[in-house]
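Visitor: Before I ask anything, let me first share the structure, which is written out below as structure tokens.
The values are calculated or read from the model by the stated rules, or taken from the named source; none is laboratory data. Note that the coordinates shown come from a computational prediction; the quantities given were computed from them, not determined experimentally. Positions of Cβ are backbone-derived with ideal geometry, glycine not excepted, and every protein chain shown enters the neighbour counts. Surface areas here come from the heavy atoms of the whole protein model, side chains and all, with no ligands, DNA or RNA. Shrake-Rupley method; radii C 1.70, N 1.55, O 1.52, S 1.80 Å.
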Amino acid sequence: MSANPVVLIVTHSNDHEGVELVSDAIIERGGQVFRFDTDRFPTEVQIQVEYNGTAERVQLVDGDQLLDTSNVTAVWYRRVATGRNLPHSMDPQLRKISLEECRATVNGLIVSLDGFHCNGVTHVRRADNKQLQLKLARESGLDVPRTLIGNNPTAVRELAAGCDGEIVVKTLTSFAVNDEGREMVMYTNPVSAADLEHLESLRYGPCTFQENLPKSFELRVIVIGDKVFAASIDSQKSPTSATDWRKDGLGLIEDWQHYELPDDIEQKLLRLMQQLQLCYGAADFVVTPDGRHVFLEVNPAGEYFWLEKFSPYFPIADSIADCLIRGSKPQS
């Protein structure tokens, strides 16, 4: 085993510079870093896993860099894009098989690693379930919006009637639609009266409907272990961002301000993180004109970087590095 902490960062080649900030902070604390860009497996990175009756050996090889995973003391699970660089000239069926084998290989490697995980793959997959999040958030004492998930048009109309016609529609999963080379991200959108008359498409797939909460502003809250960083944004300053601030994320990127999250809300959020078994998460809240803090969701790999690069200049990279180094040490 290495005398110093060894952190494996699981990400991809196009991840932002926040990864480098965390890497530098780990090195400053005496740790070592191996960055695994999953999109470069299997075309450039090699994985070698060996088991026999008395021993095991697992290695990652990236050019002249070799990592013996028995030395890994902590894993930062950021992003995966396994097999993305596989040539599209491959036979489609063979490419699909190769992708599935690559993903199984990478997933198996990560989940079998000893040491501290931020966050554990199995915990991330469980926490990605938005229905579970809302259930556990309620049980943790957090306020949540009135929500309907399903494919029953009558139930949607009843929800709308109970919310004075003010509801929005969103998805349970994050995805984008490719339109002639343009990536079209699915944001939260208001549901109009005309939409309520044409809900036949629900027969092809369920949607998530929620009350359209009145907003004073919105929050992005970053949780790292027991540290909580909260920032507010006036999403109502622009019609573009009024329903979903992410629609004008770049336009608002320098307008975020430090926010003092009420202690009871912080404690309830930390309770939810414990229930989800997450050591990192990016949570979104709406703050209503009457002061309600309404929880929307928590992303186990949610973005934070702009809150460090711009106001309010939170030391998030240092906090992640501290978490990984602290987790690397045996608990007494």
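Visitor: Please work out if Ala283 is closer than 15 Å to Leu134 by Cα, surrounded by 14 or more Cβ atoms within 10 Å (Cβ to Cβ) and of a type in the set (Gly, Ala, Ser).
Guide: Yes.
Visitor: Kindly indicate whether Leu278 is under 19 Å from the mean Cα position of the chain (by Cα), in a loop (DSSP other than H, G, I, E, B) and modelled with pLDDT of 95 or more.
Guide: Yes.
Visitor: When you scan the stretch 72-89, how many residues do you find that are within 27 Å of the chain's Cα centre (by Cα) and either crowded, with 18+ Cβ neighbours inside 10 Å or among the polar types (S, T, N, Q) (or both)?
Guide: Going through the stretch 72-89 one residue at a time, the tally reaches 12.
Visitor: Is it the case that some residue within the stretch 230-252 is farther than 14 Å from Ala137 by Cβ, of a type in the set (Asp, Glu) and either assigned to a loop (DSSP other than H, G, I, E, B) or modelled with pLDDT of 95 or more (or both)?
Guide: Yes, some residue in the stretch 230-252 is farther than 14 Å from Ala137 by Cβ, of a type in the set (Asp, Glu) and either assigned to a loop (DSSP other than H, G, I, E, B) or modelled with pLDDT of 95 or more (or both).
Visitor: Further question on the same structure: Of all residues in the stretch 50-70 being open to solvent by 40 Å² or more (accessible area, probe 1.4 Å) and part of a strand (DSSP E or B), which is modelled with the lowest pLDDT?
Guide: Glu56
Visitor: Which of (1) open to solvent by 60 Å² or more (accessible area, probe 1.4 Å); (2) over 30 Å from Val6 (Cα atoms); (3) modelled with pLDDT of 95 or more does Asn151 not meet, given it meets every other one?
Guide: (3)
Visitor: Could you look through the stretch 1-49, keep only residues that are touching a His at 6+ places or on another chain (Cβ under 7 Å) and farther than 23 Å from Trp306 by Cα, and pick out the one that is surrounded by the fewest Cβ atoms within 10 Å (Cβ to Cβ)?
Guide: Of the residues in the stretch 1-49, the ones touching a His at 6+ places or on another chain (Cβ under 7 Å) are 37-39.
Within this subset, residues satisfying the condition of being farther than 23 Å from Trp306 by Cα are 38-39.
Details: Thr38: 22, Asp39: 20.
Only one residue tops the list, namely Asp39.
Visitor: Let me ask you something else. Since Leu269 meets every condition but one in (1) open to solvent by less than 20 Å² (accessible area, probe 1.4 Å); (2) assigned to a loop (DSSP other than H, G, I, E, B), which condition does it not meet?
Guide: Going through the list (1) open to solvent by less than 20 Å² (accessible area, probe 1.4 Å); (2) assigned to a loop (DSSP other than H, G, I, E, B), Leu269 breaks only (2).
Visitor: Contact list please: Cβ distance under 9 Å, first residue in the stretch 191-216 and in contact (Cβ under 8 Å) with a residue 40 or more places away in the chain and of a type in the set (A, V, I, L, M), second residue in a helix (DSSP H, G or I) and open to solvent by less than 60 Å² (accessible area, probe 1.4 Å), pairs at least six apart or on different chains.
Guide: These pairs meet every condition: Leu196/Pro153; Leu196/Val156; Leu196/Ala160; Leu199/Pro153; Leu199/Val156; Leu202/Pro153; Leu202/Val156.
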